[in-house]
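This report refers to the structure that appears directly beneath it.
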Amino acid sequence: MATYAVTGHMDLTDESVELVRTALREVFVRHAEGELVGVSCIAAGSDSIFAEELLAAGGRLVVVLPSHDYRQAKVKPEHAETFDRLVAASAEVVVMPHETANRSAYEAANSELLRRGDRLVAVWDGAPPSGKGGGTADTVLEAREAGLAVDVVWPEGAARRG
């Protein structure tokens with residue numbers, strides 16, 4: 001069994017979404033042995049694309065929510081249907097012990113992802129950490145420091161809204 005955790009940018013351009021989907025399919029196709037498990041916070045963008053492609057590949061999804069109020073406080077209306085569908089399709093939902101969604105809750109959720117994963121799939125443009133904490137680059141650095149293998153997915157032509 002291989003367990004893939006995911007971190008990635010939320011602000012992919014519309015044109016990048018299909019490029020990232022295709023690249024993630026290739027990651028899952030390379031997985032040949034045993035059960036496929038993915039751990040995601042299912043935020044808009046990379047996290048949800050990862051979860052959708054994992055499920056399409058026959059994998060088992062574990063959702064990690066940063067806080068008890070995450071759905072109400074942070075899920076935007078345009079992402080609500082996808083979020084709810086992924087929660088319903090998940091094999092397990094883990095809610096971190098934070099009442100409110102904040103930087104500390106995100107950092108705890110990212111640490112939980114890394115604790116559960118054998119590898120990290122990072123939909124990441126390679127930009128350094130912003131200094132705020134809890135972002136994609138921070139999670140990649142934390143994974144590397146912990147000795148976790150990191151698969152960076154950033155297909156040619158991918159971009160962030162800016």
Rounded to whole Hz, the Karplus (6.51, -1.76, 1.60) HN-Hα couplings of the stretch 156-161, x for glycine and proline | 4, x, 5, 8, 9, 5
Helix-only CD estimate at 222 nm, as mean residue ellipticity for the chain, using -39500 (n - 2.57) per DSSP H run (n ≥ 4) = -13500 deg cm²/dmol
In whole angstrom, the spacing between the Cα centers of the stretch 10-86 and the stretch 116-132 equals 15 Å
Within the accessible area of the chain, what % is carbon and sulfur when the probe is 1.4 Å and the other protein chains stay in place?
-> 50 percent
Per residue accessible area of the stretch 1-138, 1.4 Å probe, in Å² | 46 Å²
Checked against the structure, the computed Rg/Rh (Cα atoms, Kirkwood Rh) among (1) 0.92; (2) 1.03; (3) 0.95 is the one labelled (1)
Given the chain, what percent of its DSSP beta bridges are antiparallel, to the nearest 5?
-> 5 percent
Virtual spin-label span in nm between residue 159 and residue 111, 7 Å along Cα→Cβ = 3.8 nm
Can you list the equivalent-ellipsoid semi-axes of the stretch 1-84, largest first and in whole Å, using the square root of 5 times each Cα gyration tensor eigenvalue?
-> 22, 16, 9
Within the stretch 9-47, which residues have the backbone N less than 18 Å from the label spot 7 Å out from residue 91 along Cα→beta-carbon, could you tell me?
-> 28-42
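The values are calculated or read from the model by the stated rules, or taken from the named source; none is laboratory data. As the structure is a computational prediction, the values presented were derived from the model and not from experiment. All Cβ positions, glycine included, derive from the backbone under ideal geometry; neighbour counts span all protein chains shown. These area figures cover heavy atoms from the full protein model, side chains too; ligands, DNA and RNA do not enter into them. Shrake-Rupley method; radii C 1.70, N 1.55, O 1.52, S 1.80 Å.
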